[in-house]
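S.K.: Here you go, one structure.
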Amino acid sequence: MRSDALDRALSALADRTRRGVVDLLRRGPRRAGELAAELDVSAPALSRHLRILRESRLVEEADEPGDGRVSVYRLRRETFAALRGWVDEVEALWDDQLAAFAAHVDRTRQKGRS
């Protein structure tokens with residue numbers, strides 16, 4: 001994931017309401033009105049949050065099947081997979097650092113016993 005895309009995604013997720021949208025969309029696609037009602041936010045406020053989530057490529061908007069006048073929102077799995085990949089890389093760095101520290105402690109203990 002490119003740095004600017006990562007920055008946009010993490011910035012979008014820094015907001016509690018947008019994380020709430022993501023949590024609701026994890027359960028399945030929803031209309032904007034449903035999201036606003038479940039999160040107890042006004043339609044204009046939710047519209048701004050959805051715009052930020054779309055621009056960060058965390059969610060996408062699609063026509064509801066059978067009714068092209070109504071939009072539904074769903075998560076973009078590929079963006080979350082890229083975020084997961086980044087988190088995995090950071091976690092691997094810490095795992096390597098902790099393993100190196102543990103090896104150092106073991107060597108130090110063995111030298112102290114000699």
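Values in this text are rule-based calculations from the coordinates and carry no lab data. On a predicted model such as this, the values are computed, not experimentally measured, just so you know. Because the Cβ atoms are built from the backbone with ideal geometry, glycine has one as well, and the counts that use them run over all protein chains shown.
S.K.: If I stretch the segment between Glu55 and Leu13 completely, what's the gain in nm (0.36 nm per residue apart, minus their alpha carbon distance), one decimal?
M.R.: Length gained, Glu55 through Leu13: 13.9 nm.
S.K.: In Å and from the alpha-carbon atoms only, list the Rg and Dmax of the range 5-55.
M.R.: Just the Cα atoms of the range 5-55 yield Rg and Dmax of 10.4, 29 Å.
S.K.: Go through the range 59-92 and name the GluC sites (Glu not before Pro) that are in a DSSP coil and have 12 or fewer other Cβ atoms within 10 Å of their Cβ.
M.R.: Hits after loop and neighbour filter: nothing returned.
S.K.: Turning to a different aspect of this structure: Can you work out the Karplus-derived ³J(HN,Hα) for every residue in the range 19-28? Use 6.51 cos²θ - 1.76 cosθ + 1.60 with θ = phi - 60°, whole Hz, and x for glycine or proline.
M.R.: Once rounded to whole Hz, the list reads 5, x, 4, 4, 4, 5, 6, 4, 7, x.
S.K.: Please give me the summed charge of the neighbours of Glu64: other residues whose Cβ is under 12 Å from its Cβ, Lys and Arg +1, Asp and Glu -1.
M.R.: 0
S.K.: For the pair Arg77/Ala92, report the inter-label distance in nm, with labels modelled 7 Å from Cα in the Cβ direction.
M.R.: 2.2 nm
S.K.: Among (1) 184; (2) 132; (3) 160, find the value of volume of the Cα convex hull per residue in Å³ that was calculated from the structure presented, and write down its label.
M.R.: Evaluating volume of the Cα convex hull per residue in Å³ on these atoms matches (2).
S.K.: Which ³J(HN,Hα) values in Hz, rounded to whole numbers, follow from the phi angles of the range 61-66 under the Karplus curve 6.51 cos²θ - 1.76 cosθ + 1.60, where θ = phi - 60° and Gly and Pro get x?
M.R.: Along the range 61-66, the couplings run 10, 9, 5, 5, x, x Hz.
S.K.: Then there's this: Testing the spin-label approximation: label points 7 Å from Cα along Cα→Cβ at His104 and Asp23. State their distance in nm.
M.R.: Reported label-point gap for His104 and Asp23 is 3.9 nm.
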